[in-house]
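Student: Before I ask anything, here is the structure I am working with.
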Amino acid sequence: MTSTCISAKNMDSQLAKSGKHNLARVDTPISTPPTTPTPAATTAHDLHREIRNIYQRLAPLTSLAPSDLVNTLLSRLVNLCIRPYSAEIVDHFSRIDGVDMLCHDLQRLCAIAEGELERYWAQSILKDAASHTGASSEYHHSSSPTVLELSEELQRVGFEILAEMHPWSDVVNSVIILRVTE
């Protein structure tokens, strides 16, 4: 009786003798190679890497007040975020592990930086107003005047407040519309 089980070595020799090559080896696993990333997936991962790099440079800073480094990093972030991306890139980006936490943490840092920028310009306006009107220096030397103190000082140094809005939320963005009175 002839054995029905053919070893891989015997199969190779039988194939070589017969010239038939239409049999597949049983012991050779067939595997699918990994897929080549699409251009959209590559762009999404590049975008994630760039944003993560910006976050990693901003997070350890002790202050997010305007400076060359902070301004450069936040400008890069804004330029990345305002660029139009296809729906496919956005979809790939939103499915990257950790992207939700990264965006949440960046939003917190950006809110702090925005507050520091607003403080910088408010103090700059007060300082400029004080230099033109001879106002006291107690407010423009203060490190953190409240919005209401700022409004009072602006009126005192010669600005007419036309409208104020102070929405108190996680990120406070007060709006004061004023005009110079002379």
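Student: Search the range 68-93 for residues being in contact (Cβ under 8 Å) with a residue 40 or more places away in the chain and part of a loop (DSSP other than H, G, I, E, B), and hand back the single one that is farthest from Leu106 (Cα to Cα).
Tutor: Top of the filtered list is Ser86.
Student: Select, from Ala44, Ala65, the only residue that is assigned to a helix (DSSP H, G or I) and surrounded by 14 or more Cβ atoms within 10 Å (Cβ to Cβ). So that I can check it myself, show each step before the final result.
Tutor: Numbers: Ala65 fails: assigned to a helix (DSSP H, G or I).
Of the residues listed, the single one that is assigned to a helix (DSSP H, G or I) and surrounded by 14 or more Cβ atoms within 10 Å (Cβ to Cβ) is Ala44.
Student: Among the numbered criteria (1) within 21 Å of Leu47 (Cβ to Cβ); (2) in contact (Cβ under 8 Å) with a residue 24 or more places away in the chain; (3) in a helix (DSSP H, G or I), which single criterion is violated by His104?
Tutor: Going through (1) within 21 Å of Leu47 (Cβ to Cβ); (2) in contact (Cβ under 8 Å) with a residue 24 or more places away in the chain; (3) in a helix (DSSP H, G or I) one by one, His104 breaks only (2).
Student: I've got another one for you. Kindly indicate whether any position in the range 133-146 is modelled with pLDDT of 75 or more, out of contact with any Gly (no Cβ under 8 Å at 6 or more places or on another chain) and either surrounded by 15 or more Cβ atoms within 10 Å (Cβ to Cβ) or outside any loop (DSSP other than H, G, I, E, B) (or both).
Tutor: no
The values are calculated or read from the model by the stated rules, or taken from the named source; none is laboratory data. Just so we're clear, the structure is a prediction, and the values are computed from it rather than from any experiment. Positions of Cβ are generated from backbone atoms using ideal geometry, with glycine treated the same way; all protein chains shown enter the neighbour counts.
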